[in-house]
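> Got a structure for you, questions after.
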Amino acid sequence: MKPICPNCHSSHVIENIDTSMQSISEHVLSPKLLVSLSVGVCKYYKINPMIGMVAGSALATVINLAQQRLIQPPLIKAAVLPRYLCSTCQHSFSL
Ligand SMILES: [Zn+2]
């Protein structure tokens, strides 16, 4: 069943998939990666790897909190409400 534009009642409606959000979630740094990266840096500079582990975990926590605030609300919104774009009047709507 094709959705119909609520503005001009045209059936020329395309699904508006937000690819920019998908690319952001693909490039999200994992906490594991950050910790191993920090430990690797500490080994390289002959610093106690424990410091790197703690620093990496702290950094991962900060990034996670930032991501939850910045990325999660639009992702949840996109998952719950599929967006549609009318190709006749450029009206964007969700069902
Ligand atoms: Zn329309």
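> Return yes or no: is ILE14 at pLDDT 80 or above, in contact with a Cys (Cβ under 9 Å, 6 or more places away or on another chain), open to solvent by 90 Å² or more (accessible area, probe 1.4 Å) and within 16 Å of the ligand (Cβ to nearest atom)?
So ILE14 fits the description; yes.
> Of SER30, SER36, SER57, which residue is more than 16 Å from the ligand (Cβ to nearest atom), hydroxyl-bearing (Ser, Thr, Tyr) and modelled with pLDDT under 75?
Only one candidate passes the filter, namely SER30.
The values are calculated or read from the model by the stated rules, or taken from the named source; none is laboratory data. Being a predicted model, the structure only gives us computed values, none of them experimental. With ideal geometry, Cβ positions are generated from the backbone for all residues, glycine too; neighbour counts draw on all protein chains shown. Surface areas here come from the heavy atoms of the whole protein model, side chains and all, with no ligands, DNA or RNA. Shrake-Rupley method; radii C 1.70, N 1.55, O 1.52, S 1.80 Å.
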